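Every number here is computed from the coordinates shown, using simple stated rules; none is lab data. These numbers come from a predicted model, not from an experiment. For neighbour counting, all protein chains shown are included, and Cβ atoms are generated from backbone atoms with ideal geometry for every residue, glycine included.
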Protein chains: 2
Amino acid sequence: MAATPDDSVGAFIPGPRAERPGAPEGALRGLTFAVKDLFDVAGEVTTYGNPDWGRTHGVAPATAPVVTSLLQAGADLVGKTKTVELAYGLTGENVWHGTPLNPAAPDRFPGGSSCGSAAAVSAGLVDFALGSDTGGSVRIPASYCGVFGIRPSWGAVNLAGACALGPSYDTCGWFARRASVLARVGEVVLPADNCGGGGIGLGPLLKVDEAWINADPGTARALGAGMAAVEGVLGRALAIELAPEGLAALYEHFRCAQSEEAWATLGRWVEQAGPAFGPGVKERFAAAKAMDPAKAAAGRAFRRVFTARLRALLAGGAVMVYPTSPAAAPKLGISLEAQNAVREATMGVTAIAGLAGLPEVTLPLGRVDGAPVGLSLVAAPGRDRQLLELAVQVSRGLGLA
Amino acid sequence: MAATPDDSVGAFIPGPRAERPGAPEGALRGLTFAVKDLFDVAGEVTTYGNPDWGRTHGVAPATAPVVTSLLQAGADLVGKTKTVELAYGLTGENVWHGTPLNPAAPDRFPGGSSCGSAAAVSAGLVDFALGSDTGGSVRIPASYCGVFGIRPSWGAVNLAGACALGPSYDTCGWFARRASVLARVGEVVLPADNCGGGGIGLGPLLKVDEAWINADPGTARALGAGMAAVEGVLGRALAIELAPEGLAALYEHFRCAQSEEAWATLGRWVEQAGPAFGPGVKERFAAAKAMDPAKAAAGRAFRRVFTARLRALLAGGAVMVYPTSPAAAPKLGISLEAQNAVREATMGVTAIAGLAGLPEVTLPLGRVDGAPVGLSLVAAPGRDRQLLELAVQVSRGLGLA
């Protein structure tokens with residue numbers, strides 16, 4: 001087993017590490033990994049980012065199967081990483097465990113909720129790391145920390161033994177510094193693609209106008225070379241308008257439907273345990289509790305229609321491309337109000353895959369004011385392996401595979 | 001797609017069927033199946049056995065991945081089957097949808113909670129059916145209805161898109177009339193075995209004394225030939241004492257820890273929706289709500305120790321064998337008190353695999369007073385495929401493969 005790395009960026013949960021050696025042979029032998037502290041490891045307390053959660057839940061009886069499968073494939077687990085409390089936030093702040101440093105932009109937030117996993121990968125402390133993504137919690141920290149990340153098709157990776165935030169949205173994703181490592185992990189944890197056939201089988205490329213217009217001008221410019229590399233593989237992109245109702249409406253429907261589900265999932269614990277929450281998280285649970293059922297129902301109804309529309313659009317292998325986040329990570333120390341504005345602009349885009357259960361791979365292909373931004377490739381459910389192979393091909397030409 | 005069968009035994013949810021044709025090719029082409037109505041099928045309401053659940057949850061946005069994988073393997077879905085309300089009961093009674101007939105013993109309960117799936121398979125309405133098993137909900141109706149059933153290793157089959165009762169206990173299992181069909185379904189939905197190596201790789205055979213002593217004398221006698229067939233494959237069984245604390249203590253620890261988790265999972269909905277419940281279910285949720293936290297904590301602590309003990313015992317490939325249920329299905333119309341006595345005697349045995357997350361296959365190898373009883377084979381987590389292959393070998397000699 002590899003030596004435990006120093007935690008130079010505060011990516012890991014403080015205290016003794018949950019270390020487990022991988023099997024002596026396997027497809028991932030020689031790689032080290034970490035898991036967001038919402039995945040159970042037998043004999044360890046899962047904190048879900050909040051001391052009161054750990055205190056009220058005790059030691060995990062079994063290891064999450066996705067973690068077991070990585071160990072059996074030979075990867076060495078070197079510890080559990082920080083998460084935003086109950087995975088309910090996008091900046092990556094955690095007042096109890098400390099906010100991880102963003103290794104790629106130390107004066108900025110790392111992004112969340114899978115902040116520790118993104119930071120650990122970005123700093124080179126591990127080869128890959130598991131996170132979870134409900135509304136952007138892998139894609140955003142990957143974009144902010146300058147690493148590859150995937151949010152798989154909803155349901156593609158087994159979430160048994162992982163804490164839930166909204167089960168009909170939750171996915172198990174992961175981060176890596178190289179596209180090839182991102183793909184190798186997928187070969188272990190993903191089912192076979194749903195679409196059959198050989199080769200990549202993807203195309204045409206669809207440039208989603210709203211998401212590019214929504215991005216800061218600097219972001220769009222910074223991703224120009226990456227965009228050209230993707231077009232080099234899939235051919236010239238067609239510009240499309242995806243959501244005539246506007247990205248703000250996508251975010252609003254997502255917020256209403258998903259926060260109702262978050263409260264249904266976690267509200268009872270919040271009310272009975274009376275946990276202390278850091279800023280932002282507390283307000284989001286209060287809003288979830290107060291969610292108007294009519295708005296939540298409208299959100300759910302919109303979701304069904306939008307999902308059907310997106311699946312029809314993408315069924316033949318089409319790939320959407322757009323900036324993962326409209327901007328690089330916000331600077332540390334900005335107000336909660338400013339954080340909320342970033343959140344709204346960001347989640348109008350992340351809601352696309354979130355609502356429709358689509359796989360999304362983000363590639364670290366741009367820099368704005370010295371800070372990373374990612375380019376996202378999004379396809380129909382079940383095309384996860386094809387997307388990962390596409391990411392490898394795109395990255396190869398750019399020296400990142 | 002095969003014609004929809006008549007529902008001669010009341011196995012399906014009343015009303016229009018959720019039918020979906022399977023892919024034109026695949027390992028399960030030509031087979032029909034049904035799913036317990038706690039698995040989501042996109043565009044359909046999942047009732048979880050209770051009208052108020054359906055009313056308050058609406059239409060499912062996506063199909064559960066395990067159902068999708070079966071469709072992609074070519075099997076035709078012919079409908080959704082009845083379940084005990086919120087999967088919280090072992091008799092199979094459902095006062096809202098009607099209790100399915102036990103095709104193998106029409107004057108007896110079908111067993112639950114996966115009552116409709118067991119009845120549909122037993123009556124020949126489908127080739128196989130999905131159920132779920134938290135504390136016995138596949139194993140018991142399989143034993144009572146005279147069919148093969150498997151409760152896989154905890155976490156082995158993806159439960160995304162399935163309603164939860166106790167996530168750290170819940171598993172997705174299935175039923176078939178032939179061991180070979182049970183195994184073919186496993187080839188589609190199970191991960192590769194954890195243990196590597198070729199062949200069955202199982203043995204020695206361990207006869208768990210307490211479970212045989214706990215069974216009615218008629219049950220033990222009726223399973224003699226089946227026991228001999230298992231010994232014919234794995235060699236003479238060694239008698240062992242598994243739980244010096246007694247099966248009643250296993251059940252009590254299981255009950256306390258699991259009902260706390262059931263209330264954590266479903267209590268908020270129960271309190272907010274104020275659903276009407278049939279007899280038994282209502283009382284069980286009341287008891288779950290009132291569960292003493294100290295007892296639940298003791299149950300969780302016992303579970304960790306017991307799990308470690310069982311995994312050590314079974315690590316090398318040992319297989320435990322015992323009657324799935326201590327007796328054939330109870331007669332319809334017995335009192336709730338009598339039902340509770342059956343439940344206690346039964347769950348002392350089902351708690352073994354339930355607490356430790358073990359895979360258990362039940363084979364329909366005995367009859368008592370004309371009603372079926374099953375023989376169970378139980379192994380270490382991850383040996384699901386090996387157990388299914390063992391069931392095929394045992395059944396082949398008995399003409400049931």
message = Placing the label point 7 Å from Cα along the Cα-to-Cβ direction, what are the distances from A:Arg29 to the equivalent spots in the other copies, shortest first, in nm to one decimal?
response = 3.8
query = How large are Rg and Dmax for region A:306-370 when only the alpha carbon atoms are used, in Å?
reply = 14.5, 45
query = Going by average Cβ neighbours within 10 Å, how do the peptides A:361-369, A:237-245 rank, with the highest at the top?
reply = A:361-369, A:237-245
query = How much of the DSSP beta bridge set in chain A is antiparallel, as a percent to the nearest 5?
reply = 65
inquiry  = Please compare each pair in B:Lys82/B:Lys289; A:Lys289/B:Lys282; A:Lys80/A:Lys295; A:Lys82/B:Lys82; A:Lys80/B:Lys207 to a cut-off of 31 Å on the Cα-Cα distance and tell me which ones are over it.
reply    = A:Lys80/A:Lys295; A:Lys82/B:Lys82; A:Lys80/B:Lys207
Beta bridge orientation in the protein assembly as shown: antiparallel %, DSSP, nearest 5 = 65
task = Mind checking which of B:Ser117, B:Gly92, B:Gly146 is farthest towards the positive end of chain B's charge dipole, using Cβ charges of +1 (Lys, Arg) and -1 (Asp, Glu) about the Cα centre?
result = B:Gly146
inquiry  = If you take every residue apart from B:Tyr322 with its C-beta less than 10 Å away from the C-beta of B:Tyr322, what net charge results, scoring Lys and Arg +1 and Asp and Glu -1?
reply    = -2
inquiry  = I need the peptides B:158-170, A:209-221, B:106-118 ranked by packing, meaning the mean over residues of other C-beta atoms within 10 angstrom, with the highest value on top.
reply    = B:106-118, B:158-170, A:209-221
Kirkwood Rh in Å, taken over all unlike Cα pairs in the protein assembly as shown = 26.6
message = Give the aspartates and glutamates whose C-alpha is closer than 12 Å to that of B:Lys36, dropping any in the same chain fewer than 8 places away, or say none.
response = B:Glu85, B:Asp133
task = State the percent of C-alpha pairs, over all pairs in region B:285-325, separated by a distance greater than 17 angstrom.
result = 55
key: Partner chain coverage, peptide A:58-68 - average Cβ within 10 angstrom   = 5
message = Among B:386-397, B:84-95, how do they line up by average Cβ neighbours within 10 Å per residue, starting with the highest?
response = B:84-95, B:386-397
query = Peptide B:157-164: average number of partner chain Cβ atoms within 10 Å per residue?
reply = 5
Per-residue ³J(HN,Hα) for region B:48-56, Karplus 6.51 cos²θ - 1.76 cosθ + 1.60, θ = phi - 60°, Hz, x for Gly and Pro = 6, x, 9, x, 5, 5, x, 4, 8
note = Summing -39500 (n - 2.57) over every DSSP H run of at least 4 in the protein assembly as shown, dividing by its residue total and rounding to the nearest 500, the 222 nm mean residue ellipticity is -12500 deg cm²/dmol
key: Hypothetical label at B:Ser8: residues of region B:32-46 whose amide nitrogen lies under 18 Å (7 Å Cα-Cβ projection)   = B:32-34
ask   = To one decimal in nm, how far is A:Pro106 from the same spot in the other copies, if labels go 7 Å from Cα toward Cβ? Please give the shortest first.
value = 8.1
task = Give, rounded to the nearest 20 debye, the magnitude of the charge dipole that region A:32-398 has about its Cα centre when Lys and Arg contribute +1 at Cβ and Asp and Glu contribute -1 at Cβ.
result = 320
key: Largest-first principal axis extents, alpha carbons of region B:1-79, Å   = 38, 29, 14
remark   = Honestly region B:152-277 on the Cα gyration tensor test (a ≥ b ≥ c root eigenvalues; a/c under 1.5 rounded, otherwise a/b vs b/c for prolate or oblate) is just oblate
task = Treating only the Cβ atoms of Lys and Arg (+1) and Asp and Glu (-1) as charged, compute the dipole magnitude of the protein assembly as shown about its Cα centre; round to the nearest 20 debye.
result = 560
query = Quick one: Cα centre-to-centre distance for region A:15-31 and region B:134-189, in angstrom?
reply = 31
remark   = Here D for region B:119-226, in µm²/s, from Stokes-Einstein with a Kirkwood Rh over Cα pairs at 4 °C and 1.567 mPa s, works out to 83
request  = State the volume of the convex hull built on the alpha-carbon positions of chain B, expressed per residue in Å³ and rounded to an integer.
outcome  = 120
query = Do you know the relative contact order of chain A, to the nearest whole percent, from alpha carbon pairs under 8 angstrom that are 6+ apart?
reply = 19
